[in-house]
Every structure is written in C-alpha cells, then in structure tokens.
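Please treat every number below as a calculation from the coordinates, not as lab data. Just so you know, these numbers come straight off a predicted model, no measurement behind them. With ideal geometry, Cβ positions are generated from the backbone for all residues, glycine too; neighbour counts draw on all protein chains shown.
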Amino acid sequence: MTSRLAKTASRLARRVQALRSRERRVRLEPFGAIAQLTTPRALVFVDRQYARSLGMDGGALWNNESSDGVIGAEPLRAPLEAHLQLTNRCDAGCKGCYTAATPHASREWSQSAWQKAIDTLAEMGVFHLALGGGESADLPWLGELVEYARARGLVPNLTTSGLSNLDRVLELAPRFGQINVSIDGLGRDYEAVRGFDGFARADHALREIRARTSKVGINVVVTRHNFDKLDQLFAYARKRRLNEVELLRFKPAGRGIQAFAAMTCSQEQHRAFLPTVLKGARKHRLRVRVDCSYMPMLAHHQPSTELLASLAVYGCTGGDFLIGAKAGGQVSACSFAAPPSQGPSVHELAEYWQKEDAFGAFRNWRDAAEPCKSCSYHHLCRGGCKVVSRLLLGDESLPDPECPRVVAAAEQDDARSNASNQRRLPILQELL
Ligand code: SF4
Ligand code: SF4
C-alpha cells in the first residue's frame with residue numbers, strides 16, 4: 001500500500017471510530033446517565049427517568065431501585081476526565097512547579113503508548129483529556145495525539161506556559177476544547193510567583209491564541225502573594241476577552257513541597273476566598289472556575305448543599321471523577337497525587353478501576369475522622385485536599401488541615417484543653 005493510500009485508510013478508520021464514538025456522548029451510570037452537551041459545554045448528570053427520555057436503557061445496571069438518582073454512593077463507572085502529563089520536560093523552571101519538571105526527563109511514554117492509553121480511556125467512556133506537563137507544546141507529535149483523541153471521541157484540552165513552541169499551539173488551537181495559559185500575576189507579579197520574568201511572553205502567547213480561538217483562558221495558582229491581585233487578574237482576563245479564569249490552590253507537590261510554607265494562602269485569605277471571587281467575577285462579568293481543592297473554602301460560607309450538588313460542585317474526586325497519569329504512564333488519583341504503590345499504568349486502568357482497594361484513601365473518604373465525619377458538606381467535599389493532608393499531616397486520609405472548619409475545630413479543641421488544664425492546675429498544686 002502506498003503511503004498516500006495508507007493515510008487515506010487511516011483517516012477513514014478514524015472517521016468510523018468518530019461516528020461510533022457519538023454513541024457514547026451519553027454514558028450510563030447506576031444513578032442514571034451522564035450526558036455531554038456541546039452548547040453550553042457541560043457534563044450533565046441525569047436520573048433514570050430523564051435518561052429514558054433520551055432513549056437510554058440501563059438494563060441490569062438499573063436493577064437496584066435505591067440507586068436511582070443517587071450520585072456518589074459508589075465510584076463512577078469511569079472517570080469523567082483524565083489529566084495526562086505527556087512529558088515532564090520543561091525549560092521554564094518555575095519555583096513551585098508541582099511536577100518538578102526539568103529540561104531533561106527520562107523514561108517517558110512515547111506517542112504510541114499514549115495512543116494506546118487513549119484507546120483504553122475511550123473504551124472506558126472518559127469524556128475529556130487535560131493535556132499538560134512539563135510543557136506538552138514541546139512534543140513534536142502533540143498534533144497527531146490531539147487528532148487521535150478527537151477520532152476516539154475525547155475532547156482534548158491543553159494547559160501551557162505559552163513560553164515554548166507557540167507556533168505548534170497556534171496551529172492546533174482550534175482542535176482543543178479549551179486552552180489555558182498559566183499566568184499567576186501581571187508584570188512583576190508573574191516573577192514573584194514563578195521566579196522569573198515571563199509575563200510579556202506569556203501575554204503575547206495568550207493574545208496570539210485568542211486570535212485563533214475563543215476557547216482560551218488563564219490558569220492562576222493562588223498564593224499569599226497574588227491573592228490581593230485577583231481583581232487585577234480578572235480585569236486582565238476581561239480585557240483579553242478570555243472565556244474563563246481557573247483558580248488553583250497552591251499544592252505541596254513536586255517543587256511545591258519546598259515552596260509550600262512560603263506560598264500557601266493564609267487562613268484569613270482562605271476564609272475570604274469565596275466572597276473575593278464572587279465579587280470579582282460579577283464586577284468583571286467573567287466565568288471563574290475553582291479547582292476541586294477549594295471546596296472547604298466554599299463550605300466555610302455555608303452555601304446550600306442542594307445548590308452545590310445541582311451544579312455538580314464537588315471536592316476531592318480524585319480516583320473517581322478524575323484521574324492523573326504521570327509522564328511514564330503511571331496512574332494517580334489526580335495530577336497532584338503520587339501514584340498508588342503497585343499502581344497500574346493507564347493501559348491497565350479498566351481492570352484496576354474495579355478493584356476494591358483502588359486509590360486507597362481517595363475512595364475510602366467515607367471513613368472520615370472529625371470534623372469531616374459530621375460535616376454537612378462531607379458528601380460533596382470528601383475531606384478536602386488529600387495532597388495537602390499528606391504533606392502537612394503525613395496521612396492523606398486525615399481532614400484537610402487548611403479547611404477553615406478543620407482549623408476552627410482544632411482551635412476549639414485547644415481552647416477546651418487549655419481550660420481543662422487551668423482547672424486541673426490548683427489540684428496538681430495541692431498534691432505537690
Ligand atoms: S470539615 Fe472536612 S468535609 Fe467539611 S468542608 Fe472541611 S474538609 Fe470538607
Ligand atoms: S487531592 Fe483531591 S482535592 Fe487535592 S487536587 Fe487531588 S483531587 Fe483535588
């Protein structure tokens with residue numbers, strides 16, 4: 001077969017796969033189904049009655065009547081999205097890089113290994129891929145992988161620093177569901193968070209990408225140094241006509257472990273997070289998304305649990321709604337978590353997903369200690385960010401120590417213990 005014919009055959013095979021993949025724009029679940037909408041872009045959880053109205057029939061999956069409409073009683077049948085760290089190579093050298101990326105990385109998966117991983121994820125029914133690194137824009141085969149994902153019915157999204165191989169990103173821009181450029185501060189504030197002056201280049205990349213697609217936004221890692229600058233960042237996003245700002249809590253992973261104490265927000269800032277974001281989003285008429293680790297900071301303001309559930313606002317859903325994969329293909333519960341010991345590669349995910357002990361504390365969130373155990377947000381929050389618990393407490397199953405409710409409970413315990421010590425003191429003195 002000539003190479004031209006081979007290319008045509010391969011293109012036809014992808015088209016057939018793409019048509020087949022349309023069948024799973026709705027994925028059956030014991031509670032009903034998950035429907036993928038394109039306008040507005042959203043994944044919508046529906047109960048069985050609604051799923052039936054879409055022509056779906058869950059068969060044996062729907063035998064248990066008590067599961068109808070109940071989300072979170074058991075893990076989903078597959079993740080909604082997979083965060084693939086395609087490479088850990090990157091020249092930027094950001095001081096808080098959560099993957100500790102360097103210009104020289106080794107034992108990384110090849111294009112064909114990632115394509116096989118995409119086959120596995122497509123067969124499981126995953127909807128979205130979040131492609132990151134390192135700097136994925138440096139990979140010469142990024143475009144082919146993006147097309148492969150599209151052909152298998154998955155929507156590829158990209159996070160990039162904008163500092164490297166911009167031409168490749170620009171060429172591929174219309175093929176991504178969303179591109180977010182990492183910008184944590186404007187002008188010199190960029191340097192304060194990242195450790196080098198890259199704002200002008202990142203801003204240039206953002207403007208060029210925006211000229212090719214409207215589906216572009218910024219990722220902002222929120223630290224104690226840029227918290228007071230969020231309003232400026234929102235104004236900037238509005239001025240650049242971006243479609244979203246995504247706020248990420250600073251995580252103690254990679255080089256972020258060393259930088260954590262100096263970068264993580266103060267308790268006062270964590271408590272002020274939700275009103276600050278709401279005010280800025282309204283003022284600048286922006287869509288602002290916050291990452292899963294911010295659920296405790298939302299719960300602090302006691303929003304309605306029904307409202308949060310109806311908007312599918314969940315906390316730590318690693319190993320359930322989402323998974324991560326390291327550059328060598330090892331699966332982790334999320335992109336910030338370490339792979340489980342004896343954990344699988346993405347190629348083995350379907351089998352691992354069914355195991356009772358899969359993802360350890362991430363799946364065992366119901367066995368919570370106080371105050372999570374009796375917290376009315378626990379079924380949504382799932383105990384806060386396990387990556388933070390692991391670093392600060394040495395145990396990812398313990399309540400998130402930065403959660404305002406956990407901090408308040410600890411302060412109450414301390415106050416009780418101090419009061420009790422003061423009461424005991426005279427007795428001790430009598431004994432002496
Ligand atoms: S107490 Fe626990 S469950 Fe409740 S908001 Fe805080 S971390 Fe989440
Ligand atoms: S540990 Fe949980 S909350 Fe933290 S980043 Fe991972 S999935 Fe999100």
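With Cα atoms defining each centre, segment 211-239 and segment 35-94 are spaced 28 Å apart in the structure. For residue 250, the amide hydrogen comes within under 5 Å of the amide hydrogens of 222, 265, counting only partners 5 or more places away or on other chains and with H modelled in the peptide plane.
Taking the average, over residues, of other Cβ atoms within 10 Å as the packing measure, peptides 396-404, 358-366 rank 396-404, 358-366 from highest down. Backbone amide hydrogens, once placed in the peptide plane, bring residue 29 within less than 5 Å of 34, excluding anything fewer than 5 places away on its chain.
Antiparallel beta bridges, as assigned by DSSP with both residues in the chain, represent about 30 percent of the total such bridges. Coupling constants for segment 50-66 follow from the phi torsions by the Karplus curve (6.51 cos²θ - 1.76 cosθ + 1.60, θ = phi - 60°), and in residue order they are 5, 4, 4, 5, 8, x, 8, 9, x, x, 4, 4, 9, 5, 7, 4, 5 Hz; glycine and proline get x.
Determine the dipole magnitude for the chain: charges of +1 sit on the beta-carbon of Lys and Arg, -1 on that of Asp and Glu, nothing else is charged, the reference point is the Cα centre, and the result goes in debye to the nearest 20.
Values: 57 positive and 46 negative charges, 343 e Å.
Here the size comes out at about 1640 debye.
Length gained on full extension, residue 141 to residue 232, computed as 0.36 nm times the residue gap minus the Cα-Cα distance: 29.1 nm. Available extension along the chain between residue 44 and residue 301 is 90.0 nm, counting 0.36 nm per residue and deducting the alpha carbon span.
Highest mean packing comes first when the peptides 159-166, 68-75 are listed by Cβ atoms within 10 Å, giving 159-166, 68-75.
As a test of the formula, what do you get for the chain when each DSSP H run with n ≥ 4 contributes -39,500 (n - 2.57) and the sum is divided by the residue count, at 222 nm and rounded to the nearest 500 deg cm²/dmol?
-11500 deg cm²/dmol
Cβ-to-Cβ counts within 10 Å put 104, 270, 347 in ascending order as 104, 347, 270, the fewest first.
Counting other Cβ atoms within 10 Å as a rough exposure proxy, the listed residues 116, 239 run 239, 116 from fewest neighbours to most. Rounded to the nearest Hz, the phi-derived 3J(HN,Hα) couplings of segment 390-399 under the Karplus curve 6.51 cos²θ - 1.76 cosθ + 1.60 (θ = phi - 60°) are 5, 6, 7, 10, x, 8, 6, 7, 7, x, where x marks glycine and proline. Measuring nothing but how far apart in sequence close Cα pairs (under 8 Å, 6+ apart) lie, relative to its length, the chain scores a relative contact order of 13 percent.
This ranking places 184, 138 by how few other beta-carbon atoms lie within 10 Å of each, fewest first, which gives 138, 184.
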